[in-house]
Structure formats: structure tokens, C-alpha cells
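In what follows, a single structure is set out as C-alpha cells and then discussed.
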Amino acid sequence: MAAKPISGPPRHVAIIMDGNGRWATMRGRPRLFGHHAGAKRVREIVEACPDLGVKYLTIFAFSTENWKRTQVEVAGLMSLFRRYIAKEARALFEEGVRVRFIGDRVRLDKKLQALMDELETLTAKNDRVNLTIAINYGGRDEVARATKRLAEDVANGKLSPEEVNEETLPKYLDTCVLPDPDLVIRTSGEARISNFLLWQSAYAEYEFIDTLWPDFTRDVFTALVARYGNRERRFGGVLG
Ligand code: FPP
């Protein structure tokens with residue numbers, strides 16, 4: 001890919017929303033209290049996107065590894081997702097947000113799956129901001145599921161082995177209709193990508209910031225987007 005200096009805002013920002021548990025513990029409250037506070041932040045950040053020129057926002061809500069948490073926390077998060085979708089659907093629709101979900105839905109309860117399908121359908125014609133919520137998502141799991149479908153297409157003659165390359169494989173990923181992220185942000189001071197958008201973030205810029213997710217305001221987001229504009233992206237090349 002050709003080298004190019006950054007011009008303009010990041011078109012696609014992906015966020016690993018970390019630190020809800022610590023935020024709650026610091027206040028002597030249960031971890032779910034932090035997740036509820038974190039969920040409230042999502043609206044503020046989605047609403048900031050059009051002004052900042054961010055067209056795609058992808059957020060990591062629940063990973064394939066998060067099932068290892070206590071049963072109380074997992075059930076609480078699933079209930080939070082159900083309530084969040086039911087409560088926010090109308091506002092998201094009216095604000096012109098198109099919502100998509102990525103991740104393996106099969107393990108999610110049927111009620112949650114139905115709410116996810118309904119919200120995708122309700123907002124399918126919107127285009128002001130594209131919000132993608134990753135639930136039961138893992139980058140390796142996504143690549144494995146994609147490879148399985150790709151192998152099926154090779155086996156039944158829809159695709160030849162010679163056609164398998166960097167352009168065809170991403171068509172099988174959950175993110176097939178999204179551009180690659182330009183900027184990946186992780187809150188809470190951890191400098192890890194934790195299996196998030198592994199294929200898609202190969203050339204992304206990263207920001208690891210100390211702020212805990214429930215404290216991640218529009219101002220913090222705005223500052224990171226502005227800082228992105230001062231970077232140079234080289235995509236493995238050199239700047240001319
Ligand atoms: C990580 O914090 C956060 C999660 C595993 C859940 C993310 C969920 C939300 C922000 C709320 C719901 C989102 C939507 C879209 C409704 P952590 O629990 O790992 O925090 P810790 O590292 O301090 O323990």
C-alpha cells in the first residue's frame with residue numbers, strides 16, 4: 001500500500017472500552033455498576049462522531065473470553081445489552097445511526113439475538129454514523145469462522161484456491177462491509193489489543209490512554225481524534 005500522510009479525521013475509530021470494573025471498585029460498588037456507567041457513555045461518544053468527521057465507530061462490548069467472568073457478571077452484562085438495545089433503539093434510529101453487530105451470535109440468548117436483529121433492520125437505511133457493537137467477538141474466532149466459510153466455498157467450487165488472497169478473505173469476515181479502522185483506542189492504561197479486530201487493524205494507529213471507560217468524555221475523544229490528525233501513516237512505505 002502506498003505511503004500517505006494523514007489528511008482529515010479518522011474515518012473509522014474502534015474502541016476497547018476497558019476499566020468499568022475498576023471504576024466501580026474505586027467507588028466501593030459492584031462491577032456491574034461500572035458497566036452501567038460505561039453503557040451511558042456510549043451515547044455521548046456516538047453523538048460526537050458526526051461533528052468530528054468519524055463515520056464508523058466500532059466498540060468492544062463482550063469478548064469470546066469474557067464468558068470466563070463470574071456467572072453474575074456475565075448474566076448482568078447480557079441483561080444490560082438487552083435493556084440497552086430496547087431502550088436506545090428509538091434514539092439511535094432518530095439520530096441517523098446505523099447499528100450493526102459483529103461476533104458469534106449463536107451462543108447468545110434468543111431474546112438478545114432477536115433484539116440485535118431488530119435493531120439492525122430498524123436502522124438499516126441510516127448512514128449518518130455507522131455504529132458496530134462487538135458482542136461475543138474475538139478476532140481469532142472471527143478469522144476461524146471466516147476461513148470455515150471460505151473453505152466451504154472452495155469445496156463446493158464457488159471459489160478456487162488461487163483466488164484466496166488478501167482481498168477475498170476479508171469478504172468472509174464479520175466486518176466485510178466496513179472499512180479497516182484508522183484509529184484503535186484502549187482505555188484504562190492496558191497496552192493490549194486483546195483479540196480485537198486482529199486482521200482489520202494491521203495498519204491502524206493506536207492510542208492507549210489511562211482514562212477509565214466510564215470517564216471517557218466527548219472532550220477526551222475529541223482530543224484523541226485531533227492527535228490522530230498530527231500523525232503520519234506510512235503503511236510500510238516511506239513518506240514522499
Ligand atoms: C471492560 O471493563 C468492559 C467490558 C467487558 C464490558 C463493556 C461494556 C460496556 C461498556 C457497557 C455496555 C455496552 C453497550 C454497548 C451497551 P472491565 O470490566 O474489564 O474493567 P476492569 O478491567 O477495570 O475490570
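The values are calculated or read from the model by the stated rules, or taken from the named source; none is laboratory data. Just so it is clear, the model here is predicted, and its values are computed rather than measured. When we count neighbours, we look across all protein chains shown, and the Cβ atoms used for this are built from the backbone with ideal geometry, even at glycine. Quick note on the areas: whole protein, heavy atoms, side chains included, nothing else; ligands and nucleic acids left out. Shrake-Rupley method; radii C 1.70, N 1.55, O 1.52, S 1.80 Å.
Would you check if residue 12 is within 8 Å of the ligand (Cβ to nearest atom), touching a residue at least 24 places away in the same chain (Cβ under 8 Å) and either in contact with an Asp or Glu (Cβ under 7 Å, 6 or more places away or on another chain) or open to solvent by 40 Å² or more (accessible area, probe 1.4 Å) (or both)? It is false that residue 12 is within 8 Å of the ligand (Cβ to nearest atom), touching a residue at least 24 places away in the same chain (Cβ under 8 Å) and either in contact with an Asp or Glu (Cβ under 7 Å, 6 or more places away or on another chain) or open to solvent by 40 Å² or more (accessible area, probe 1.4 Å) (or both). Among the residues of the range 191-240, those identified as among the acidic types (Asp, Glu) and either open to solvent by 50 Å² or more (accessible area, probe 1.4 Å) or on the phi > 0 side of the Ramachandran plot (or both) are 210, 215, 219, 232.
Quick one: is residue 130 polar (S, T, N, Q), buried (at least 19 other Cβ atoms within 10 Å of the Cβ) and farther than 17 Å from residue 178 by Cβ? Judged against the criteria, residue 130 is not a match.
For residue 138, the conditions (1) buried (at least 20 other Cβ atoms within 10 Å of the Cβ); (2) more than 24 Å from residue 65 (Cβ to Cβ); (3) touching a Phe, Trp or Tyr at 6+ places or on another chain (Cβ under 9 Å); (4) not hydrophobic (A, V, I, L, M, F, W, C) all hold with the exception of (2).
Applying the criterion of being more than 9 Å from the ligand (Cβ to nearest atom) and outside any helix (DSSP H, G or I) to the residues of the range 16-40, the residue that is least open to solvent (accessible area, probe 1.4 Å) is 28. The requirement of being within 16 Å of the ligand (Cβ to nearest atom), buried (at least 21 other Cβ atoms within 10 Å of the Cβ) and closer than 30 Å to residue 91 by Cα is not satisfied by residue 175.
Could you tell me whether residue 112 is within 24 Å of residue 213 (Cα to Cα), touching a helix residue (DSSP H, G or I) at 6+ places or on another chain (Cβ under 7 Å), in contact (Cβ under 8 Å) with a residue 60 or more places away in the chain and among the hydrophobic types (A, V, I, L, M, F, W, C)? So residue 112 fails the test. Of all residues in the range 118-129, those that are within 17 Å of residue 83 (Cα to Cα) have Cβ atoms under 7 Å from Cβ atoms of residues that are open to solvent by less than 60 Å² (accessible area, probe 1.4 Å) and at pLDDT 95 or above, 6 or more apart or on another chain, in 119/85; 119/89; 119/99; 120/99; 120/100; 120/101; 122/89. Within the set 58, 123, 132, 70, the sole residue that is more than 14 Å from the chain's Cα centre (by Cα), under 27 Å from residue 225 (Cα atoms), hydroxyl-bearing (Ser, Thr, Tyr) and more than 10 Å from the ligand (Cβ to nearest atom) turns out to be 123.
Does any residue of the range 74-95 turn out to be assigned to a loop (DSSP other than H, G, I, E, B) and not charged (D, E, K, R)? No, that holds for no residue.
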